[in-house]
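S.K.: Dropping a structure here in structure tokens format, bear with me for questions.
The values are calculated or read from the model by the stated rules, or taken from the named source; none is laboratory data. Because the structure is predicted, anything quoted here is derived from the model rather than measured. Don't worry about glycine lacking a Cβ; one is built from the backbone with ideal geometry, like all the others, and counts go over all protein chains shown. All accessible areas refer to the heavy atoms of the entire protein, side chains included, with ligands and DNA or RNA removed. Shrake-Rupley method; radii C 1.70, N 1.55, O 1.52, S 1.80 Å.
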Amino acid sequence: MNPKTLGYTTMIVSATLMGCVGLFSRNINTSGDVIAFTRMIVGAICIFAIMLYQGKAQQLKNITLTPAVITSGVCLGLCLAAYVSATQYTTLANAVFLIYTGPVFSTILAAIFLKEKISALTASMLTAVFIGCLFIIGIISYNPHTGLTLSLSFSKENMIGDILGLMSGIGYGLYLFFSRYRTDIGSDSRSLFNFSFGAIAIAICFIINPPSLAAMDGTSWLWLLSMGFFIGFGALSLLTIAAKHLKAAELACISYLETVVGAGLGILVFSESLTVLQAIGGVLVIGGGMGEIVINIIKKRALSHKPLPQS
């Protein structure tokens, strides 16, 4: 298998596993923060074991921790806790689409604090994601009698889950933003710090609001440990392999497969349904997130195949 094929294959499997978060969480009788904490701990242990095996653990001694490194890990942990909780209170489609609003918040923060310019193309893609978000949570809705309506309220059925989904999107955006700092740290070391500080952040939340494991039976523990292995270790290991063979843009595009898998599982396994506007919203979120990347790839390929002028 050539490197590109290996990269695409491992990334597709990784994104598919990540899209199964809702399937696992709904079979575990405990709160989302406990599930996210387990995933963080398993991820940290597996990354450290891989670093030990590869002889990279010594690199950790030479890394100076800064607030940006700690904060990115904290944001990742709280983001995943909110996301897993969202899958338990709203549809899987809503939860997975809303967390992928994160790049919007990250881009806006980068424009404000890092003075990065937002091009017309980027602005249009961000607008598409924003409108898609309004469709998904029902702020923009459609009724045959009244037509399109704008209401600053969430649907009663999914209100808690949708709010948690938005919080996970904000947390994901903050994680992406703070990850822009300290790019000198290797991916393995950064992943270890992210998982570790994410777990610490959730553990602090446990002190404030202790979780309950009273409803956890044997089946729940099996699902929880399986989630930690397959989605924590499995998806993470495959992502690491894919990152060695694919460009960042290619990784970002394929990562949006997670939204399709998450929404599909909700429909096929849990008999959830999407309104036409919610489906359009999902398409806008995916298209807005992938659009600029795809367009830039097409432009680069067109330029590379453009014949040189004759002298």
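S.K.: From the residues in segment 229-240 that are touching a Phe, Trp or Tyr at 6+ places or on another chain (Cβ under 9 Å) and hydrophobic (A, V, I, L, M, F, W, C), which one is modelled with the lowest pLDDT? Spell out how you get there, then give the answer.
M.R.: Just the residues of segment 229-240 that are touching a Phe, Trp or Tyr at 6+ places or on another chain (Cβ under 9 Å), to begin with: 230-232, 236.
Pick out the ones that are also hydrophobic (A, V, I, L, M, F, W, C) and you get 230-231, 236.
On the way: Phe230: 88, Ile231: 85, Leu236: 71.
Among residues in segment 229-240 that are touching a Phe, Trp or Tyr at 6+ places or on another chain (Cβ under 9 Å) and hydrophobic (A, V, I, L, M, F, W, C), the one modelled with the lowest pLDDT is Leu236.
S.K.: Further, regarding this structure: Could you count how many residues in segment 97-134 are closer than 19 Å to Cys253 by Cα and among the aliphatic types (A, V, I, L, M)?
M.R.: So the answer is 9.
S.K.: Looking at segment 176-215, which of its residues are open to solvent by 70 Å² or more (accessible area, probe 1.4 Å) and not aliphatic (A, V, I, L, M)?
M.R.: Hits for segment 176-215 are Arg180, Tyr181, Thr183, Asp184, Ser187, Asn209, Pro210, Ser212.
Residue by residue, here is whether (1) of a type in the set (Ser, Thr, Tyr); (2) assigned to a loop (DSSP other than H, G, I, E, B); (3) closer than 30 Å to Leu134 by Cβ holds:
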position	(1), (2), (3)
Val13	no, no, no
Asn29	no, yes, no
Met40	no, no, no
Ala49	no, no, no
Leu60	no, no, no
Ala68	no, no, no
Val74	no, no, yes
Ala81	no, no, yes
Ala86	no, no, yes
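S.K.: Also: Taking the stated definitions as given, is Arg180 of a type in the set (Lys, Arg) and either assigned to a helix (DSSP H, G or I) or in contact with a strand residue (DSSP E or B) (Cβ under 6 Å, 6 or more places away or on another chain) (or both)? It would help to see each step written out before you state the result.
M.R.: Working: of a type in the set (Lys, Arg): yes; either assigned to a helix (DSSP H, G or I) or in contact with a strand residue (DSSP E or B) (Cβ under 6 Å, 6 or more places away or on another chain) (or both): no.
Answer is no for this residue.
S.K.: Something else now. Considering each of Ile108, Ile131, Ile63, Ile118 in turn, give the residue that is at pLDDT 90 or above and open to solvent by 20 Å² or more (accessible area, probe 1.4 Å). Lay out the reasoning, then the answer.
M.R.: Working: Ile108 fails: at pLDDT 90 or above; Ile131 fails: at pLDDT 90 or above; Ile118 fails: at pLDDT 90 or above.
Only one candidate qualifies: Ile63.
S.K.: Scan segment 143-156 and give yes if some residue there is outside any loop (DSSP other than H, G, I, E, B), surrounded by 16 or more Cβ atoms within 10 Å (Cβ to Cβ) and either at pLDDT 85 or above or of a type in the set (Gly, Ala, Ser) (or both), otherwise no.
M.R.: Taking every residue of segment 143-156 in turn, none turns out to be outside any loop (DSSP other than H, G, I, E, B), surrounded by 16 or more Cβ atoms within 10 Å (Cβ to Cβ) and either at pLDDT 85 or above or of a type in the set (Gly, Ala, Ser) (or both).
Residue-wise test of (1) crowded, with 17+ Cβ neighbours inside 10 Å; (2) at pLDDT below 90; (3) under 14 Å from the mean Cα position of the chain (by Cα).
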{"position": "Leu23", "(1), (2), (3)": "yes, no, no"}
{"position": "Ala36", "(1), (2), (3)": "yes, no, yes"}
{"position": "Cys46", "(1), (2), (3)": "yes, yes, no"}
{"position": "Gly55", "(1), (2), (3)": "no, no, no"}
{"position": "Gln59", "(1), (2), (3)": "no, yes, no"}
{"position": "Ile70", "(1), (2), (3)": "yes, no, no"}
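S.K.: Here's another thing I want to ask about it. Would you mention how many residues in segment 184-198 are without any contact (Cβ under 8 Å) to a residue 60 or more places away in the chain and touching a helix residue (DSSP H, G or I) at 6+ places or on another chain (Cβ under 9 Å)?
M.R.: Of segment 184-198, the ones without any contact (Cβ under 8 Å) to a residue 60 or more places away in the chain are 184, 187.
With touching a helix residue (DSSP H, G or I) at 6+ places or on another chain (Cβ under 9 Å) added as a condition, the list becomes 187.
Of the residues in that region, 1 qualify.
S.K.: Check Tyr256 against each of (1) modelled with pLDDT under 85; (2) farther than 17 Å from Pro103 by Cα and name the one condition it does not meet.
M.R.: (2)
S.K.: In addition: Any residue that is hydrophobic (A, V, I, L, M, F, W, C) and buried (at least 16 other Cβ atoms within 10 Å of the Cβ) - is there at least one of those in segment 262-269?
M.R.: yes
S.K.: Going through Ala279, Ala249, Ala243 one at a time, which residue ends up being surrounded by 14 or more Cβ atoms within 10 Å (Cβ to Cβ), modelled with pLDDT of 90 or more and over 19 Å from Leu23 (Cβ atoms)?
M.R.: On the way: Ala249 fails: modelled with pLDDT of 90 or more; Ala243 fails: modelled with pLDDT of 90 or more.
Result of the check over Ala279, Ala249, Ala243: Ala279.
S.K.: Within segment 203-243, work out how many residues are of a type outside the set (Asp, Glu) and more than 17 Å from the chain's Cα centre (by Cα). First the steps, then the outcome.
M.R.: Initial filter on segment 203-243 (of a type outside the set (Asp, Glu)): 203-216, 218-243.
Cutting the leftovers down to more than 17 Å from the chain's Cα centre (by Cα) gives us 203-216, 218-226, 229, 241.
Residues meeting the conditions: 25.
S.K.: Among the residues of segment 5-21, which ones are hydroxyl-bearing (Ser, Thr, Tyr) and at pLDDT 90 or above?
M.R.: Restricting attention to segment 5-21, the residues satisfying the condition of being hydroxyl-bearing (Ser, Thr, Tyr) are 5, 8-10, 14, 16.
Across segment 5-21, the qualifying residue is only Thr16.
S.K.: When you scan segment 245-292, how many residues do you find that are touching a Gly at 6+ places or on another chain (Cβ under 7 Å) and farther than 27 Å from Ile139 by Cα?
M.R.: Residues in segment 245-292 being touching a Gly at 6+ places or on another chain (Cβ under 7 Å) and farther than 27 Å from Ile139 by Cα: 2 in total.
Okay, residues lined up against (1) touching a Cys at 6+ places or on another chain (Cβ under 8 Å); (2) closer than 23 Å to Ile204 by Cα; (3) of a type in the set (A, V, I, L, M); (4) in contact (Cβ under 8 Å) with a residue 60 or more places away in the chain:
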position: Leu80; (1), (2), (3), (4): no, yes, yes, yes
position: Val84; (1), (2), (3), (4): no, yes, yes, yes
position: Thr87; (1), (2), (3), (4): no, yes, no, yes
position: Leu92; (1), (2), (3), (4): no, no, yes, yes
position: Ala95; (1), (2), (3), (4): no, no, yes, yes
position: Tyr100; (1), (2), (3), (4): no, no, no, yes
position: Leu114; (1), (2), (3), (4): no, no, yes, yes
position: Thr122; (1), (2), (3), (4): no, no, no, yes
